[in-house]
């Protein structure tokens, strides 16, 4: 029986993985100084989008208004916030505000927790817990990060900045009639299975059904569609 002609060292992938990790860390170091500017830009974009949406909703259907000096005409549907500019282009100001809000919320959540995107999308209302310190009796808020790539569950102390972000998200997704966060079913693209209904934080209401807030996941329905994980 002849020995294998391929040596173990020739198939080792450690050097390639190390170099890949080094390049990723270098990109992080290069972009880190711009994080605060990026977060401020996202917050300002949402502020402007919210102001535009409020202005449009204060105008009756078919009425005219101006945004940043440009004329607009609101659509005839009182339930929506669509408007046409001077060139006739239709702009859905509610959708613009929706995208701006979730962009801001995602940026703030990720930068204050250090979580991965998959971990962020799996965060539920139940992940927010309170812990009483045995020495002083002080109650501190904690956030549980579910196991993801590392298969390790983490518990983070909720800072005042993160608490403000989480409170804003909860106000956004809470059902105005019941005061509860709707339960949604999320499809796990890695495990290829539907998770149990849970009050995930990153969700939004679309057509009366609150799907998870991610482009790769499908909404809860009586007939579950085939999700796209590409």
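Would you check which residues across the range 169-202 are under 15 Å from residue 119 (Cα atoms) and either touching a helix residue (DSSP H, G or I) at 6+ places or on another chain (Cβ under 9 Å) or surrounded by 14 or more Cβ atoms within 10 Å (Cβ to Cβ) (or both) and list them? Those that are under 15 Å from residue 119 (Cα atoms) and either touching a helix residue (DSSP H, G or I) at 6+ places or on another chain (Cβ under 9 Å) or surrounded by 14 or more Cβ atoms within 10 Å (Cβ to Cβ) (or both): 186, 187, 188, 189, 190, 195, 198, 199, 200, 201, 202. All told, residue 93 falls short of being under 26 Å from the mean Cα position of the chain (by Cα) and farther than 25 Å from residue 172 by Cβ. Among the residues of the range 66-77, is there at least one that is in contact with a strand residue (DSSP E or B) (Cβ under 6 Å, 6 or more places away or on another chain) and in contact (Cβ under 8 Å) with a residue 24 or more places away in the chain? So far as the range 66-77 goes, no, none of its residues is in contact with a strand residue (DSSP E or B) (Cβ under 6 Å, 6 or more places away or on another chain) and in contact (Cβ under 8 Å) with a residue 24 or more places away in the chain. Of the set (1) surrounded by 10 or more Cβ atoms within 10 Å (Cβ to Cβ); (2) within 30 Å of residue 172 (Cα to Cα), all apply to residue 26 but (2). For the range 162-176, does any single residue satisfy the condition of being within 25 Å of residue 43 (Cβ to Cβ), without any contact (Cβ under 8 Å) to a residue 40 or more places away in the chain and assigned to a strand (DSSP E or B)? So far as the range 162-176 goes, no, none of its residues is within 25 Å of residue 43 (Cβ to Cβ), without any contact (Cβ under 8 Å) to a residue 40 or more places away in the chain and assigned to a strand (DSSP E or B). Is at least one residue of the range 156-168 modelled with pLDDT under 90, within 20 Å of residue 99 (Cα to Cα) and touching a helix residue (DSSP H, G or I) at 6+ places or on another chain (Cβ under 8 Å)? No. Looking across the range 42-93, the residues that are part of a strand (DSSP E or B) and closer than 24 Å to residue 104 by Cβ come down to 67, 70, 72, 82, 83, 91, 92. Does residue 37 fit the bill of being at pLDDT below 95 and not in a strand (DSSP E or B)? Against the criterion (at pLDDT below 95 and not in a strand (DSSP E or B)), residue 37 does not qualify.
If only residues of the range 115-137 that are in a loop (DSSP other than H, G, I, E, B) and in contact (Cβ under 8 Å) with a residue 24 or more places away in the chain are counted, the one that is surrounded by the fewest Cβ atoms within 10 Å (Cβ to Cβ) is 116. The residue list 84, 95, 89 contains one member that is surrounded by 10 or more Cβ atoms within 10 Å (Cβ to Cβ) and either farther than 30 Å from residue 122 by Cβ or assigned by TED's automatic domain parsing to the domain that holds residue 142 (or both), which is 84.
The values are calculated or read from the model by the stated rules, or taken from the named source; none is laboratory data. Quantities reported herein were computed from a predicted structural model and do not represent experimental measurements. Neighbour counts are summed over all protein chains in view; Cβ atoms, including those assigned to glycine, are modelled from backbone coordinates with ideal geometry.
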